[in-house]
Amino acid sequence: MAETLSPLMIDASEAARLIGVSKATWARMDSAGKVPAPVRLSAGCIRWRFAELSAWCAVGCPSRVEWEAANEQGGPPR
């Protein structure tokens, strides 16, 4: 039986679909610092970590500042 792989990184369209918003809304949220920081693989290749977005959603979608501060302290915000 073939093993199903989960994506490690997803683009803006997939990230928007994951949380149920339009790509334009995702872009506004990213610009406003309301989503986790993306990973810039190259000048034209920006992705988000799938596992990080899943964990971010599980704790209520805190702002980027809150998310990064909690991760520096060893865990997601409560």
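Taking the conditions (1) over 13 Å from the mean Cα position of the chain (by Cα); (2) outside any loop (DSSP other than H, G, I, E, B) in turn, ALA16 satisfies each one other than (1).
Taking region 41-64 on its own, how many of its residues are within 13 Å of the chain's Cα centre (by Cα) and either in a helix (DSSP H, G or I) or within 13 Å of MET9 (Cβ to Cβ) (or both)?
We begin by selecting, within region 41-64, every residue within 13 Å of the chain's Cα centre (by Cα); these are 46-64.
If we keep only those that are either in a helix (DSSP H, G or I) or within 13 Å of MET9 (Cβ to Cβ) (or both) too, we end up with 46-58, 64.
Number of matching residues: 14.
For region 65-78, residues that are assigned to a loop (DSSP other than H, G, I, E, B), in contact (Cβ under 8 Å) with a residue 12 or more places away in the chain and not basic (Lys, Arg) total 2.
The set of residues in region 33-48 being under 17 Å from LYS23 (Cβ atoms) and at pLDDT 95 or above consists of LYS34, VAL35, PRO36, PRO38, CYS45, ILE46, ARG47, TRP48.
Quick one: in region 19-40, which of the residues that are part of a loop (DSSP other than H, G, I, E, B) and among the small types (Gly, Ala, Ser) is nearest to SER63 (Cα to Cα)? Per the criteria, the residue is GLY33.
SER6 fulfils the conditions (1) assigned to a loop (DSSP other than H, G, I, E, B); (2) in contact with a Lys or Arg (Cβ under 6 Å, 6 or more places away or on another chain) except for a single criterion, (2). Residue pairs whose Cβ atoms lie under 7 Å apart, separated by 6 or more positions or on different chains, with the first residue in region 31-52 and more than 19 Å from ALA70 (Cβ to Cβ) and the second among the charged types (D, E, K, R), are LEU41/ARG47; ILE46/ARG40; ARG47/ASP11.
In the set (1) in contact with a Cys (Cβ under 9 Å, 6 or more places away or on another chain); (2) hydrophobic (A, V, I, L, M, F, W, C); (3) surrounded by fewer than 15 Cβ atoms within 10 Å (Cβ to Cβ), VAL35 fails one condition alone, (3).
The values are calculated or read from the model by the stated rules, or taken from the named source; none is laboratory data. Owing to the predicted nature of the structure, the values given are computational and were not obtained by experimental measurement. Note that each Cβ is placed from the backbone with ideal geometry, even for glycine, and that neighbours are counted across all protein chains shown.
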